[in-house]
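Q: Next up is a structure, given as structure tokens.
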Amino acid sequence: MIDEMTTVLEPRPLPDFVETKSVKDITNRALFYIKAGLPVHFRGPSGTGKTTLAMHVASKIGRPVVMIHGDEEFTTSDLVGGEYGYRFKKIVDRFVSRVLKVEEDMVKRWVDNRLTVACKYGFTLIYDEFTRSRPEANNILLSILSEKMMDLPVGRGEEPYLKVDPDFTAIFTSNPEEYAGVHRSQDALRDRMITMDLDHFDYETEVAITQRKSKLFKKDSEKIVNIVRGLRESGKCEFAPTVRGCIMIAKTLKVQNITPAKSNGAFMQICQDILASETSRVGSKTNQARVKEIVEKLVGKYS
Ligand SMILES: Nc1ncnc2c1ncn2[C@@H]1O[C@H](COP(=O)(O)OP(=O)(O)O)[C@@H](O)[C@H]1O
Ligand SMILES: [Mg+2]
């Protein structure tokens, strides 16, 4: 039985998903390797569509999906499962109203976590930002990916290992290693997956995503995308602006009913605020001022 602690997602097409030629290409390549039994890994900077693509590929596979987000605090038992099941009884003390007595009932019970559930039932696992977890926590994946066997800690009460269901598929995503909070992924683990590097979207895809997500006109979406790409290509930002910046600007314009024209001060302000904020994650006034200056020129040029 699958415990209620594990959320299993139905494989559904994503709403507002844009499928341009480049998106189709990468999806098909990923599915090709998956059909050959190889796990895939989408690697790329923030905002290059890794998580969305992983979910899209998973929906094409058609099996139920479990998703894990990499986390520094993770231990193997967060992935595999462990002995949980303390029952808490809350007792409110009527006389001292602030006191909440908690009675513990120590019935230990093994609870399978997401990875175990996915292996056992042959679901698709999306392990998003897996390099944020410490390598030791991820070691369990080595035998799953190569020997199709999962070692189980004692306590689970069955066999010491679990045979991975043949339908099990793993899709990984990660940011390149220079990002803060990211561990170098172990070479042994990376050797067992097909890594596909993603970059920022091509022009056509970026416009289509901006338009689809905001419901703005195409020509207005193009103006925004030109400004954001101009800033990205300037190479003057601490962090390159992403399609998220395009979407945020476009949605704000739509909701506020603002036209993207250089004569419109509100448009300039929105572009400067959103793009300065997106591209300088370390608070620095000089960075922000420099970005705002570049944005001002780009707004003049493209709108
Ligand atoms: N093919 C696509 N169709 C529609 N929207 C997309 C597509 N790819 C990415 N997006 C949107 O772009 C933004 C960034 O994508 P995301 O998958 O979160 O990137 P990453 O995981 O690389 O940081 C999100 O708002 C996402 O909804
Ligand atoms: Mg992501």
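Q: Considering each residue of region 48-69, count those that are open to solvent by less than 30 Å² (accessible area, probe 1.4 Å) and more than 11 Å from ILE126 (Cβ to Cβ), and give that number.
A: 2
Q: For region 281-299, what are the residues that are surrounded by fewer than 19 Cβ atoms within 10 Å (Cβ to Cβ) and either part of a helix (DSSP H, G or I) or among the hydroxyl-bearing types (Ser, Thr, Tyr) (or both)?
A: SER284, LYS285, THR286, ASN287, GLN288, ALA289, ARG290, LYS292, GLU293, GLU296, LYS297
Matching residues to (1) at pLDDT 95 or above; (2) within 22 Å of ILE209 (Cβ to Cβ); (3) not in a helix (DSSP H, G or I):
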site	(1), (2), (3)
ASN226	yes, yes, no
ARG232	yes, yes, no
ARG244	yes, yes, no
ILE249	yes, yes, no
LYS262	no, no, yes
GLU278	no, yes, no
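Q: Do we have PHE17 as assigned to a strand (DSSP E or B), modelled with pLDDT of 95 or more and within 16 Å of ligand 1 (Cβ to nearest atom) here?
A: Taking the combined requirement at face value, the residue does not satisfy it.
Q: For the structure I just gave you, tell me whether PRO166 is assigned to a loop (DSSP other than H, G, I, E, B) and either modelled with pLDDT of 95 or more or more than 30 Å from GLU147 (Cβ to Cβ) (or both).
A: yes
Q: Name the single residue that is nearest to ligand 2 (Cβ to nearest atom) among those in region 22-74 being charged (D, E, K, R), assigned to a helix (DSSP H, G or I) and touching a residue at least 24 places away in the same chain (Cβ under 8 Å).
A: LYS50
Q: Right, another one. Condition test on ASN226, is it in contact with a Phe, Trp or Tyr (Cβ under 6 Å, 6 or more places away or on another chain), open to solvent by 20 Å² or more (accessible area, probe 1.4 Å) and not assigned by TED's automatic domain parsing to the domain that holds SER46?
A: The answer is yes for ASN226.
Q: Still on this structure, I have one more. Would you mind stating whether LYS120 is in the same structural domain as ILE26 (by TED's automatic domain parsing) and free of Cβ contacts under 8 Å to residues at least 24 places away in the same chain?
A: So LYS120 does not fit the description; no.
Q: Please enumerate the residues belonging to region 188-223 that are more than 30 Å from ILE140 (Cα to Cα), of a type outside the set (Val, Ile, Thr), assigned to a helix (DSSP H, G or I) and within 21 Å of the chain's Cα centre (by Cα).
A: Once the filter is applied, which keeps residues that are more than 30 Å from ILE140 (Cα to Cα), of a type outside the set (Val, Ile, Thr), assigned to a helix (DSSP H, G or I) and within 21 Å of the chain's Cα centre (by Cα), region 188-223 yields GLU206, ALA208, ARG212, LYS213, SER214.
The values are calculated or read from the model by the stated rules, or taken from the named source; none is laboratory data. Everything numeric here is computed off the predicted structure, so don't read it as measured data. Note that each Cβ is placed from the backbone with ideal geometry, even for glycine, and that neighbours are counted across all protein chains shown. Quick note on the areas: whole protein, heavy atoms, side chains included, nothing else; ligands and nucleic acids left out. Shrake-Rupley method; radii C 1.70, N 1.55, O 1.52, S 1.80 Å.
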